[in-house]
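Single-structure report; data block below.
The values are calculated or read from the model by the stated rules, or taken from the named source; none is laboratory data. Treat the numbers as computed from the prediction; the structure is a model and nothing was measured. Cβ placement follows ideal geometry from the backbone for every residue including glycine, while neighbour counts extend to all protein chains displayed. Each accessible area value is taken on the protein alone, full model and side chains, heavy atoms only, with ligands, DNA and RNA left out. Shrake-Rupley method; radii C 1.70, N 1.55, O 1.52, S 1.80 Å.
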Amino acid sequence: MRDCVIVGKGPAGISAALYLKRANVNCVIVAKDYGALEKAHLIENYYGNKASGLSIAKAGEKQALDLGIDILDGEVIGIEYNPNGGFIVKTNKEDIETKKILLATGKARSKINVENFANLEGKGISYCALCDGFFYRKKKLGIIGSKQYMLKELEDLKKFTNDITVFTNGEPLEVDVDGVKVVTDKITKVIGENRLEALECSKDVYQLDGLFIAIGTPNAVDFSKHIGLVMNKNDIVVDGNFMTNIEGIYACGDVVGGTLQINKAVNEGMMAALAIKNSLKNI
Ligand SMILES: Cc1cc2nc3c(=O)[nH]c(=O)nc-3n(C[C@H](O)[C@H](O)[C@H](O)COP(=O)(O)OP(=O)(O)OC[C@H]3O[C@@H](n4cnc5c(N)ncnc54)[C@H](O)[C@@H]3O)c2cc1C
């Protein structure tokens, strides 16, 4: 079992890993890409370095690898409680048992930006198959997504109904959905006044009782819905030690909100790592 799984190799995740590794904590980073820095052409306000975001991110990653930190290229698609204590971090490559988790997943991106979507969130639109699938037994369901995370949610929904349609919203389907109906057209509108009634796509309208969102790789909002993290809008709420409302799960950097800057992410990564190191002493 790992002491700590860090999700994310941006400034927050790498900074935390450097402190944890040097404190002899058995940690691993899981990350799917370089996060926000991939999009930053030039960083001029970070100490000692005027460079592209990507080169800063790669330098951070190299520093971690040079120190012997394990970095798994992968997507975290779920977090579950481990019956033996701690957590299981489910990735598209392997499941990792761990005592602690640090979410350094960056700013949660917005969901699909179509008419009426926001109005019906929680009114037929759900983010967690395991939590809400039960309300839709034998009903007509849609699920939006095209990758491994969608497949995981789809498997959970199949326990409640066999009338499910996958909507990829124009993305290529990357997984085998084993005979489930798939619509690859762009989604244009969500229909319904006080409750979801249908999904309008570019070529047709599909009547639905429920719509589940499992787009791309899960972000902070998705994790929060699945395991019950307290959020303030799209930000994970943490205490002074960067611990969430769930004992053993920490978060830092852009994902907790505030000033979205490298300096802050790096500092919070350090602070979270020190808190995790101290908490491990008590196990
Ligand atoms: C265009 C642009 C310009 C910017 N310019 C500046 C600037 O000039 N100065 C400055 O200080 N800041 C700037 N920023 C902000 C800065 O990039 C962020 O504040 C910083 O990168 C936040 O670090 P982080 O580690 O919290 O998150 P991120 O750097 O976003 O890293 C998030 C990590 O989490 C990983 N991840 C997320 N979900 C999963 C999952 N489910 N499974 C696996 N991995 C996952 C991602 O792959 C990534 O590795 C800019 C940002 C942008 C977008």
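Report the charge-dipole magnitude of region 118-213 in Debye, nearest 20, computed about the Cα centre from +1 at each Lys and Arg Cβ and -1 at each Asp and Glu Cβ.
I would put it at about 240 debye.
Can you tell me which lysines have their Cα less than 21 Å from the Cα of LYS281? Leave out same-chain residues fewer than eight positions away.
LYS21, LYS99, LYS100
To the nearest whole percent, what portion of all C-alpha pairs in the chain is separated by more than 34 angstrom?
24
Leaving ligands, DNA and RNA out of it, rank HIS41, HIS226 by accessible area with a 1.4 Å probe, largest first.
Highest to lowest solvent-accessible surface, that is HIS41, HIS226.
Quick one: putting +1 on the C-beta of Lys and Arg, -1 on the C-beta of Asp and Glu, what dipole do you get for the chain around its Cα centre, in Debye to the nearest 20?
420
List the lysines whose Cα sits under 22 Å from the Cα of LYS203, skipping any in the same chain fewer than 8 residues away.
LYS111, LYS140, LYS181, LYS186, LYS189
If I take R0 = 30 Å and measure r between the Cβ atoms of ASP176 and ALA59 in this structure, what FRET efficiency does the formula 1/(1 + (r/R0)^6) give, to the nearest 0.05?
The pair ASP176/ALA59 has a calculated efficiency of 0.20.
Could you compute how much accessible surface PHE134 exposes when probed at 1.4 Å, giving the result in Å² to the nearest 10?
Counting only protein heavy atoms, the figure is 110 Å².
Counting C-alpha atoms alone, how compact is region 19-101: give Rg to one decimal and Dmax as a whole number, in angstrom.
15.4, 47
Only sites in a loop by DSSP and with at most 11 other Cβ atoms within 10 Å count here; which chymotrypsin sites (Phe, Trp or Tyr not before Pro) in region 1-93 make the cut?
TYR47
For region 146-283, count all C-alpha to C-alpha pairs, find those more than 28 Å apart, and express that count as a whole percent of the total.
38
Picking from ASP209, ASP66, ASP156, which is most flexible by a Gaussian network model of the chain using Cα springs under 10 Å?
ASP66
If we restrict to alpha carbons, what Rg and Dmax does region 40-153 come to, in Å?
Reported Rg and Dmax, both Å: 19.3, 59.
Taking springs between alpha-carbon atoms closer than 10 angstrom, which of SER55, SER224, SER15 fluctuates most in the Gaussian network model of the chain?
SER55
For region 118-213, report the accessible area per residue in Å² (1.4 Å probe, heavy atoms, rounded to an integer).
Value returned for region 118-213: 50 Å² of accessible area per residue.
Hey, got the Cα dimensions of region 118-213 along the principal axes, in Å, largest first?
34, 30, 19
Between 0 and 90 degrees, rounded to the nearest ten: what's the tilt of helix 11-22 against the longest Cα principal axis of the chain?
50
Roughly how many Å² of ARG137 are accessible to a 1.4 Å probe, to the nearest 10?
130
Are there cysteines in the chain with no other Cys C-beta under 4.7 Å, and if so, which?
Cys with no partner Cβ under 4.7 Å: CYS201, CYS252.
Between ASN24 and ASP185, with labels modelled 7 Å along Cα→Cβ, what's the label distance in nm to one decimal, could you check?
Label-label distance for ASN24 and ASP185, simple model: 6.3 nm.
Would you work out which of ILE213, PHE160, PRO172 lies farthest towards the positive end of the dipole of region 118-213? Charges go on Cβ: Lys and Arg +1, Asp and Glu -1.
PHE160
When the accessible area of the chain is computed with all protein chains present and a 1.4 Å probe, what percentage of it is carbon and sulfur?
On the chain, the fraction of accessible area on carbon and sulfur atoms equals 47 percent.
Rounded to the nearest 10 degrees, what's the angle between the helix 148-157 long axis and the longest principal axis of the chain, both from Cα atoms, 0 to 90?
Taking the Cα atoms of the chain, the angle to 148-157 is about 50 degrees.
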